Amino acid sequence: MICVHHLEKSRSHRVLWLLESLNLEYDIQVYQRDGNTQQAPEALKKVHPLGKSPVITDGELTVAESGAIIDYVVNRYGNGKLQPAPEAVDEWVNYRYWLHYAEGSLMPLLVMGLVFSQIPKQSPWLIKPLAKGISDTVKKRFIQPQLKQHLGMIEAHLASRGDFAGEWPSGADIQMSFPLQAMKATQSLSAYPSIAAFVDRIENDPAWQRVVERAGPLTMPGE
């Protein structure tokens with residue numbers, strides 16, 4: 001049986017959604033973040049050397065990284081579900097793009113924004129004004145313009161079809177769920193109604209609701 005090594009306030013909720021969407025049986029091993037550092041506990045390093053989540057074990061096999069986990073589960077247990085058929089080339093390529101885009105392009109921007117938001121808070125009081133000035137400048141001149149461009153592309157794609165690729169929910173929808181849910185939790189999506197509708201669709205999905213019943217609601221670091 002698959003075991004999800006589930007870290008609170010992490011990206012592993014979407015792995016649970018994946019398993020619920022396929023109606024697979026699974027176990028959950030829950031890990032708590034350190035109250036001071038918000039880092040994962042050392043116990044996760046016994047599962048995978050980096051001590052990160054999500055990570056799953058399936059018998060003797062350990063699989064880390066969200067995209068790799070989705071690929072593994074969908075291809076081993078999906079029986080053709082949650083991804084387009086390879087012969088549907090255009091849709092298959094579209095699916096692969098969003099599956100890799102979430103962590104390859106979008107999440108680095110969100111993480112960078114989080115890091116720069118924390119710099120003034122973690123700086124000694126003597127340099128807090130300087131740290132805040134640097135942080136605000138980087139966010140205003142680089143992070144926010146880049147993020148606006150990305151959100152515009154995502155909004156246009158969702159406006160035209162309502163999801164990312166294949167039948168709902170595809171592995172691409174599941175992979176894209178965390179960054180978009182994270183944005184909803186930290187900012188208004190009023191300028192992006194199709195993204196907001198996509199997040200609402202996730203939260204109304206019966207499989208997602210089963211995840212919340214079993215693992216609790218999705219929360220972000222710092223909440």
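Quick one: pull the percentage of alpha-carbon pairs in region 89-205 with a separation above 18 Å.
54
If the cut-off is a Cα-Cα distance under 22 Å, which lysines reach residue 140, setting aside same-chain residues fewer than 8 apart in sequence?
121, 128, 132, 148, 184
Exactly which GluC sites (Glu not before Pro) in region 56-145 are in a DSSP loop and have at most 16 other Cβ atoms within 10 Å?
Hits after loop and neighbour filter: 60, 65, 87.
Under a point-charge model restricted to the Cβ atoms of Lys and Arg (+1) and Asp and Glu (-1), what is the dipole moment magnitude of the chain relative to its Cα centre, in debye to the nearest 20?
1120
Restrict the search to region 3-36; then list the GluC sites (Glu not before Pro) that DSSP places in a loop and that have at most 15 other Cβ atoms within 10 Å of their Cβ.
Hits after loop and neighbour filter: 25.
Where the centroid of each part is defined by its Cα atoms, how far is region 159-223 from region 81-109 in Å?
About 16 Å separates the Cα centre of region 159-223 from the one of region 81-109.
Name the residues whose placed amide hydrogens come within less than 5 Å of the amide hydrogen of residue 2, ignoring near sequence neighbours (fewer than 5 apart) on the same chain.
27
As an exercise, identify the trypsin sites (Lys or Arg not before Pro) in region 43-100 lying in DSSP coil whose Cβ has no more than 15 other Cβ atoms within 10 Å.
In loop regions of region 43-100 (DSSP not H, G, I, E or B), the sparsely surrounded trypsin sites (Lys or Arg not before Pro) are 81.
Within straight cross-link reach of residue 52, meaning Cα distance under 17 Å, which lysines are found once same-chain residues fewer than 8 apart are removed?
Cross-link targets: 9.
For the chain, taking Cα atoms only, what is the radius of gyration to one decimal and the Dmax to the nearest whole Å?
Here Rg and the maximum Cα pair distance are 18.2, 61 Å.
A short reminder: the numbers here are calculations on the coordinates, not readings from a lab. Since the model is a prediction, treat every value here as computed from it, not as a measurement. Cβ coordinates were reconstructed from backbone atoms using ideal geometry, including for glycine residues, and neighbour counts include every protein chain displayed.
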